[in-house]
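What follows draws every value from the coordinates through simple rules; no lab data is involved. All values derive from a computational prediction rather than experimental measurement. Quick reminder, even Gly has a Cβ in these numbers, built from the backbone with ideal geometry, and neighbours come from all protein chains shown.
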Amino acid sequence: MKKLFLVIVALSFVLSLSGCNDSRSVNTRKASHDQAKEILRCLDEDDAEGLKSLFCEKVASSHDLDKEIAEAMDFYEGKSISFGNIVVRGGDSLRDGEWTDIHIGYLIEKIQTDTDKNEYKINTHSYLINTDNPTCIGITYLHIYNTETGDKVEIGEFVK
């Protein structure tokens, strides 16, 4: 189900690329925001399988995602009640008029949970399109930081 969500987000993004550059930028932001909200939902609901399904095949085959996600679920305490900005970055490549690479990264700032004990931030990277290596489509890494203690947990890694 979560893979379907990611595919729908990526497909809607790709279909919208026929517009002008500003439209593409807005859709990149929308894809980032949709993915960020899904990550928070998975953390809030302890949905390890849902979070795992967002990761790309390349990372899933080279990491023990079950273990890394379990550590992240233990690290992230409570359910999110608010968050600050979602700072979006990314890039793309065009070859012979076709998109060959569209990637996004974002930082979710000032995540407050209902425990009132901790504040978190999440940093991540995803490929929406990667024609050179389609196994990289999806999240490649996700880092969760406890901004009060400075501790962090990492899932996956940056891949090309």
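Per 0.36 nm of contour for each residue apart, how much would the distance between residue 64 and residue 29 grow if the chain were fully extended, relative to their Cα-Cα spacing?
Values: separation 35, 0.36 × 35 = 12.60 nm, distance 2.94 nm.
Stretched out fully, the residue 64 to residue 29 stretch lengthens by 9.7 nm.
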Legend entry - Low-density loop cleavage sites - GluC sites (Glu not before Pro) in the stretch 126-160, where at most 14 other Cβ are within 10 Å (DSSP): 148, 157
Legend entry - Amide H contacts under 5 Å for residue 84, placed H, 5+ residues apart: 109, 110, 111
Inset, instruction - Would you list which lysines come within 17 Å of residue 52, measuring only between C-alpha atoms, while excluding same-chain residues fewer than 8 positions from it? - result: 2, 3, 37, 67
Inset, instruction - Using amide H atoms built 1.01 Å from N in the peptide plane, name the residues 5+ places from residue 100, or on other chains, whose amide H lies under 5 Å from its own. - result: 93, 94, 95
